[in-house]
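The values are calculated or read from the model by the stated rules, or taken from the named source; none is laboratory data. Predicted, not measured: the structure shown is a model, and the values here were computed from it. For neighbour counting, all protein chains shown are included, and Cβ atoms are generated from backbone atoms with ideal geometry for every residue, glycine included. Accessible surface areas use protein heavy atoms only, side chains included; no ligands, DNA or RNA. Shrake-Rupley method; radii C 1.70, N 1.55, O 1.52, S 1.80 Å.
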Amino acid sequence: MRREDFPILNEKVHGRALVYLDNAATSQKPQVVLDAITEAYSHWNANVHRGVHHLSQVATQKHEEARVKVARLIHAHSSEEIIFTKGTTDSLNMLARSFGDAMVKEGDEIIVSQLEHHSNIVPWQMLCERKGAVLKVIPLQEDLSLDIEVFKELLSEKTRLVSVAHVSNVLGIVNPVEEIIRLAHEKDIAVCVDGAQSVPHLVVDVQQLDCDFLVMSAHKMYGPTGLGVLYGKKEWLDKLPPAEGGGEMIEHVRFEKTTYNVLPYKFEAGTPNYVGSYAFGKAIDYLQEIGLEQIAEHEYALAEYIEEALSKIEQVHVYAAGRKKAGAVSFNVYRADGALIHPFDVGVLLDRQGVAVRTGHHCAEPLIDYLGVPGTVRASVGLYNTKEDIDTFVAALKKAIMMLE
Ligand code: PLP
């Protein structure tokens, strides 16, 4: 699928053709996105929102058009609900600060799950420390799915917010966020969906999900790094205070009292990444041109193909085996005597053969601790990966296992 649009895929690594299977960490960029960045700095770079001059108006228009594209991509009700941030981590920190300041008091509870990325744990822990609140954790069942029965018991009048990953960045499995949202809403509890690994791989509709907040990163979906989104329902964003102060986010500043700008600018202090948003808009156009459903199907099929191939290698254990995976497959390799081969060693030997995978805790240490291993090897696909890539990876893995056994 359109490999030729991604110049970096022609690179050689250690003299081998690159097989890039680290898309869950970041995706590569198509030429249209690279061109957009050059175009912006070459033709219309100017600070947005506050200039009467031509370039500033062009830059503002392009930045705001990108916001509309994001709103359409995730089916937000309006582009006022799209706040540009630096990325998923920044979005979650901003939400923890803003929501936490306004809504959380001593003794209140925030719920996350055992399989969250650190970005969806630490900001909530910091909030709990600031406020004397308590972090509760949805445990996992044997098949690594979230224990919804325990989740139901965790929901109480003390719960202020539930924040869960839509797709696990380690296991690739899709969590039942619709059910989580429905159960939380029955008790008037807000839900934030960490969409960092879902928006790149699935068709996400925030109105259908009915989530109160959703966070995502542009760099994981063929866009530039340093840009992300915090989606929030308008009724929430109207109610919540800004998390950061500075230019852009104000209406009037007086030493006696400052009043704040309208949505979404209230949450966007300082000069925004308008070059990034423009390039992200081009990435969204590109994805929609191919078709999000087609991309999702292609990636599901590739993940299945990986799992099938790995399940034939005796020494390999695949996590959450048999469950449908949105792009990422995690596994470990064991010697005949049952000893684990360190994922780092597997990763290094794959790299020497031109295959890029990620090894380690994947910023999800509580999950890795639960699995009782030092880390995993994770192969994660993007729209440009092919079955040939997977065949190369599997052949390289078999060679690595022979060397490490
Ligand atoms: N949440 C999940 C599920 C992720 O996979 C990631 C990145 O891997 C993040 C949050 C953090 O994203 P970023 O580093 O772009 O802020």
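Quick check, is ASP205 under 17 Å from HIS77 (Cβ atoms) and not hydrophobic (A, V, I, L, M, F, W, C)?
On the way: under 17 Å from HIS77 (Cβ atoms): yes; not hydrophobic (A, V, I, L, M, F, W, C): yes.
Answer is yes for this residue.
Let me confirm something: among ALA320, ALA379, which residue is in a loop (DSSP other than H, G, I, E, B) and under 27 Å from VAL122 (Cβ atoms)? First the steps, then the outcome.
Working: ALA379 fails: in a loop (DSSP other than H, G, I, E, B).
Among ALA320, ALA379, only ALA320 is in a loop (DSSP other than H, G, I, E, B) and under 27 Å from VAL122 (Cβ atoms).
Does any residue of region 139-148 turn out to be under 20 Å from LEU92 (Cβ atoms), buried (at least 21 other Cβ atoms within 10 Å of the Cβ) and touching a residue at least 40 places away in the same chain (Cβ under 8 Å)? First the steps, then the outcome.
First, pick out the residues of region 139-148 that are under 20 Å from LEU92 (Cβ atoms): 146.
Applying the additional criterion that residues be buried (at least 21 other Cβ atoms within 10 Å of the Cβ) yields 146.
If we keep only those that are touching a residue at least 40 places away in the same chain (Cβ under 8 Å) as well, we get none.
No.
If I filter region 125-171 down to residues being among the β-branched types (Val, Ile, Thr) and under 20 Å from TYR370 (Cα atoms), which single residue comes out as farthest from the ligand (Cβ to nearest atom)?
Going through region 125-171, the residues among the β-branched types (Val, Ile, Thr) turn out to be 134, 137-138, 148, 150, 159, 162, 164, 167, 170.
Now restrict to residues that are under 20 Å from TYR370 (Cα atoms): 137-138, 148, 150, 164, 167, 170.
Values: VAL137: 16, ILE138: 15, ILE148: 19, VAL150: 21, VAL164: 10, VAL167: 7, VAL170: 8 Å.
Step by step, filter region 125-171, then rank; the result is VAL150.
Determine which member of the set ASP337, ASP345, ASP369, ASP391 is at pLDDT below 95 and of a type outside the set (Val, Ile, Thr). Explain how you work it out, then say what you get.
Working: ASP345 fails: at pLDDT below 95; ASP369 fails: at pLDDT below 95; ASP391 fails: at pLDDT below 95.
Every option except ASP337 fails the conditions.
Within region 331-346, identify whether any single residue is more than 17 Å from LYS399 (Cβ to Cβ) and within 16 Å of the ligand (Cβ to nearest atom), and answer yes or no.
The answer is no, given that none of the residues of region 331-346 is more than 17 Å from LYS399 (Cβ to Cβ) and within 16 Å of the ligand (Cβ to nearest atom).
Counting only residues that are assigned to a helix (DSSP H, G or I) and either under 23 Å from the mean Cα position of the chain (by Cα) or touching a residue at least 60 places away in the same chain (Cβ under 8 Å) (or both), how many does region 344-374 have?
First, pick out the residues of region 344-374 that are assigned to a helix (DSSP H, G or I): 344-351, 365-371.
With the extra rule that they be either under 23 Å from the mean Cα position of the chain (by Cα) or touching a residue at least 60 places away in the same chain (Cβ under 8 Å) (or both), the set shrinks to 347, 351, 365-371.
Residues that pass the stated criteria total 9.
Just wondering, is there one or more residues in region 13-25 that are aliphatic (A, V, I, L, M), in contact with a Ser or Thr (Cβ under 8 Å, 6 or more places away or on another chain) and within 25 Å of LEU240 (Cα to Cα)?
no
Starting from region 243-271, keep only residues that are among the charged types (D, E, K, R), then list their pairs with residues that are exposed (fewer than 15 other Cβ atoms within 10 Å of the Cβ) whose Cβ atoms are within a distance under 7 Å, requiring at least 6 positions of separation or different chains.
Sorted first by the residue in region 243-271, then by its partner, the pairs are GLU248/GLY270; GLU251/THR259.
If I ask for residues that are more than 10 Å from the ligand (Cβ to nearest atom), open to solvent by less than 50 Å² (accessible area, probe 1.4 Å) and outside any strand (DSSP E or B), which ones from region 172-197 would you list?
GLY172, ASN175, PRO176, VAL177, ILE180, ILE181, LEU183, ALA184, HIS185, ILE189
May I ask you to say which residue of LYS86, LYS69, LYS105 is within 15 Å of the ligand (Cβ to nearest atom), open to solvent by 20 Å² or more (accessible area, probe 1.4 Å) and touching a residue at least 24 places away in the same chain (Cβ under 8 Å)? Lay out the reasoning, then the answer.
Working: LYS69 fails: within 15 Å of the ligand (Cβ to nearest atom); LYS105 fails: within 15 Å of the ligand (Cβ to nearest atom).
None of the others qualify; the one that does is LYS86.
Quick check on this structure: which one of ALA320, ALA339, ALA301 is of a type in the set (A, V, I, L, M) and in contact (Cβ under 8 Å) with a residue 60 or more places away in the chain? Quick ask: steps written out before the conclusion?
Working: ALA339 fails: in contact (Cβ under 8 Å) with a residue 60 or more places away in the chain; ALA301 fails: in contact (Cβ under 8 Å) with a residue 60 or more places away in the chain.
None of the other options fit; the residue is ALA320.
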